[in-house]
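Just below is one structure, and these are the notes that go with it.
Values quoted throughout were computed directly from the atomic coordinates according to the rules given, and no laboratory measurement underlies them. Keep in mind the model is a prediction, meaning the values are calculated, not measured. Counting neighbours? That spans all protein chains shown, and the Cβs are built from the backbone with ideal geometry, glycine included.
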Amino acid sequence: MYNLLVRLRQKISLKGRLINKCGIELGNVVKSIAGRDKGNLFVVVGIDDDENYIYLVDGDVRKVENPKRKKIKHIELTNYYDQNLADRIGKKRKITNQEVKRFLREI
């Protein structure tokens, strides 16, 4: 069990993308599987591997200015990924709530 937690906390960088061992990276679309936001889609805008948390936004309820901090075990990874948003987040450029909402609406 301890080895699993250590592996989850480690992160690697592939071609400039921040990825943790669970395969979650900036710009991924994830689905909440626990909590009052269960079933909602979010975009990953931050990864905190020290405590197994990620930061999520949906552009509507959870805005870019105040992302949702959620445990990795409470989300489900989807096959959707936005390279444009990921590049802008990684380079510390500003993303807007409207861009996030538009991307999630297209899914």
Any residue in the range 46-53 that is over 20 Å from residue 22 (Cα atoms) and not polar (S, T, N, Q)? no
Free of Cβ contacts under 8 Å to residues at least 40 places away in the same chain, of a type outside the set (Val, Ile, Thr) and surrounded by 13 or more Cβ atoms within 10 Å (Cβ to Cβ) - does that describe any residue in the range 88-104? yes
Mind counting the residues in the range 56-67 that are within 16 Å of residue 25 (Cα to Cα) and surrounded by fewer than 20 Cβ atoms within 10 Å (Cβ to Cβ)? 1
Could you list all residues from the range 33-55 that are surrounded by 13 or more Cβ atoms within 10 Å (Cβ to Cβ), of a type in the set (Asp, Glu) and more than 20 Å from residue 90 (Cβ to Cβ)? 37
